[in-house]
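Each remark here refers to the structure printed beneath this line.
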Amino acid sequence: MRRLLGLWVRTSLRPEDSAVHFRAGHACKCYVLERQSASDLAVLANAIKRHELPTLERRLTSGKGAERAVFDVGRRRGFWDAAPQLRPPRALLALVRAARADPNFDVLLIPTSVYWGRAPQKEGSWFRLLFAESWTLTSRLRKFFAVLINGRDTMLEFGEPISLRSLLEEEPQSAQARRVTRVLRGVLRRQRATRIGPDMSHRRTILARVLRARAVRQVAAAEAREKKISRRQALLRARGYGEEIAANYSHSFVRFMAIIFTRVWNRVYDGVILSHADSLPQVAQGNEIVYVPCHRSHMDYLLLSYAIYTQGYAIPHIAAGINLNIPIVGRLIRKAGAFFIRRSFGGNALYTVVFMKYLAAIMARGHSIEYFIEGGRSRTGRLLQPKTGMLTITVRSYLRDPVRPVVFMPVNFGYERIVEAATYVDELSGKPKQKEGFLDLLRAVRVLRERFGAVNVNLGEPLHLDALLDKHLPEWRTQAFNDDTRHPGINAVVNELAVAIMQRINAAAAVNPINLLALCLLATQRSALVEQDLLRQLQLYRGYLETMPYGDRVTVTRLSAPEILAYAESLGIVTRNPHKLGDVIRMTDANAVLTTYYRNNVLHLFAMPSLIACAFIANAEMRTEDIQRLAWRIYPYIAAELFLKWRETELPRVVIQTLAVLREHGVLQCNAEQTVWRRPPPASAGAMQLSLLAQLTLQFIERYYLAIALLIEAGPGQITQRALAERCQLMAQRMTLLYGFNSPEFFDRALFENFIDLLRDRRAIRVGEGGKLDFDEVLEQVAQDAQIVLSEQIRHSILQVTHD
């Protein structure tokens, strides 16, 4: 069979460096297969010969049953019965016997799995899906067709070697062998779950487990008493909640949709680029992965699952908003692993406990999960403030039953065009959000005719929950937690976790050509620049990211400035107006509004140099200590809004480094001692570049100054926070109409509310009697520092609007 399969089967190894890894180290190695299968054994033998791995034809002991360095832990009960035997394999008994007889004897057991048809990037036939790898016990006939149809796309995975002696305890030989067998079966099950997902085929089993939970029955009994209904009716209500929530995962459906979406993405996008995929094998084994991406489009669900699947890993179960549980669509995305969650639990204790137990059940089974901690899609392109509900549930579930260490995987999406861009602009302008429906799905088919450029999926730096728990709850490993446990350390863990995730999402940003172009053109009055000025500014931004990179997971387009411009022209983002003195590159008003979204995706990467550039709008020169003071005053507010990674204690160092980089690129000058900094001469190219750079964060400061001016005008104890936020939004809308800002987020009420909250947190203002806002000279000092940055014309415009 080995010779026969060698002519047909093509095998890829996981990990790819297995040959180097297993040739070194411990001499005695034994392969452990998941199931009794001659074809699997033949594939292993061929791979060993091809890659010069430790051979099978080695006797590890002199005892009977260990003739070769391989055995399986899934031997069939009989010819017609594919169920595995419960007793330990004969070869393992021989190894345990040898280890008991000789204290120096040891063997490295290598868990080995063979997946037929688990090469999703190559799957192109629907017929192959019928015989691809799954959890189903395979008959000999089905295995024959699996080899015949999927033999060219076979994966051989080696797990981490396990020392046999490390698994032995003081107990009888048969008990030791059974213990080792259970451990090996568990390891092989986890390997399989990592690659194809755990066995979630029995939805009824999971729901039955949830409904049997003591906490669910206690809350159901309490609801029966409170609502004056029978206990059976309360349990039926709990079952209804479970049916509403639960996914109905199907391996076959996922493999089928992988083929469909491969064709869809090739038609809609110029490429789906997954970066830092090497993070997955580092955290997949033995950990519960929680994917926490930013939420920019409905495409996010599909793109992340597709990118993970093409890497050979099981797609996560996704927490989807209940608004997507619409006819037909809801049923389909349940099969793709989506489970549904209400926007608000609304004090519904029974729904809450059912949801928590369901999440704990799928986590205990080893399935990765995915949710968007922003709660909804960002309409501005910047990250929203995190909603900590799902994080709290995840942390509590882990504390209650810490089976597998939890690792959070931040994910950043970088779109060159998003499908919902026009809808976002309408919603920011005040139009109500339209409810999703099946007809919307049919209308969305028209996007197949459009071109949306490339899309980047960047994996951020993994975040281990155990480290945060050790910091805030040192006794968590020995302390018992249940559903009613209230501990202030849990809130501290969740809050720090939320901010850290958002910062790591931003630290994995993808800078594409449209981002850079939007940064340049939207900084001008009419979204237009002479071609040479535009190319110079593009080179400045690319050069800054190369000289002072924000993080090692930020990816930057490899296109040069002229190539970026040509690419944007091909997408219809910009138009060229020929002129004898130099062509003018401009955006239409409609494109200018839409591209604010893409500018905001990467705005945080340039926040620090732009903030420093703002100091030179109204000042020809400034001392280093004055720049430091202004940065210290304004940075906390911008950092909270953009989730910047630097702590306030790091700010002086970062300011000095940024000043040096700006001087290197010719947009700032300084004296020999670097104590006084000057902007370039007004007519120079450097002065223009500095002015355009300042515009990136100038509207932040204008928005802050507007809110402070309105509060000071109202007076202490005269206006509530809600009324102030509403007045800020109206005044910002008026400024947009009067001065033509192409930034819908300038009058986004949520941004004003977050700024007012931060003023309260930093004690610049406080809530007094009747919910009215009080303040003192601290707020006036903030306003005075803003006046130093803003030009007299801008200050006059803001004060004129507020006075009117």
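Numbers for the structure displayed
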{"item": "In nm, spacing of pseudo-spin labels at R203 and Q282 (7 Å Cα→C-beta vector)", "result": "3.7"}
{"item": "Contact order normalised by residue count of the chain, Cα under 8 Å, 6+ apart, percent", "result": "9"}
{"item": "Prolate/oblate/rounded call for segment 486-567, Cα gyration tensor, a/c under 1.5 rounded", "result": "prolate"}
{"item": "Virtual spin-label span in nm between R678 and T736, 7 Å along Cα→Cβ", "result": "4.1"}
{"item": "Packing-based order for 547-553, 164-170, 372-378, using average beta carbon neighbours within 10 Å, highest first", "result": "372-378, 547-553, 164-170"}
{"item": "Ordering of 383-391, 89-97, 525-533, 609-617 by burial proxy (mean other Cβ atoms within 10 Å per residue, highest first)", "result": "609-617, 89-97, 383-391, 525-533"}
{"item": "Added length on full extension, which subtracts the Cα-Cα distance from 0.36 nm per residue, Q532 to R90", "result": "151.4 nm"}
{"item": "Amide H contacts under 5 Å for Y31, placed H, 5+ residues apart", "result": "V70, F71, I110"}
{"item": "Degrees, to the nearest 10: 792-803 long Cα axis against longest axis of the chain", "result": "90"}
{"item": "In range of the label at D761: residues from segment 388-425 whose backbone nitrogen is under 20 Å from the point 7 Å along Cα→Cβ", "result": "388-393"}
{"item": "Among the listed pairs K29/K49; K228/K357; K357/K471, those beyond 22 Å (Cα-Cα)", "result": "K228/K357; K357/K471"}
{"item": "Share, in percent, of DSSP beta bridges within the chain that are antiparallel, nearest 5", "result": "50"}
{"item": "Modelled label reach - N491, point 7 Å along Cα→Cβ, segment 375-398 residues with backbone N closer than 12 Å", "result": "none"}
{"item": "Residues of the chain: accessible area per residue with a 1.4 Å probe, Å²", "result": "45"}
{"item": "Cα-based helix-to-principal-axis angle, 231-245 vs the chain, degrees rounded to 10", "result": "70"}
{"item": "Accessible-area value, W632, 1.4 Å probe, nucleic acids and ligands omitted, Å²", "result": "120"}
{"item": "Theoretical FRET efficiency, 1/(1+(r/R0)^6), r = Cβ-Cβ of V403 and L4, R0 41 Å, to 0.05", "result": "0.45"}
{"item": "A175 versus Q311: modelled label distance in nm, points set 7 Å from Cα along the beta carbon direction", "result": "4.3"}
{"item": "Rounded to 10°, Cα long-axis angle of helix 173-196 versus longest principal axis of the chain", "result": "40"}
{"item": "Carbon plus sulfur fraction of accessible area for the chain, probe 1.4 Å, in percent", "result": "52"}
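The values are calculated or read from the model by the stated rules, or taken from the named source; none is laboratory data. Quick caveat: nothing in here was measured; it's all calculated off a predicted structure. Neighbour counts run over all protein chains shown; Cβ positions are idealised from the backbone, glycine included. Ligands, DNA and RNA are excluded from the accessible area calculation, which covers all protein heavy atoms including side chains. Shrake-Rupley method; radii C 1.70, N 1.55, O 1.52, S 1.80 Å.
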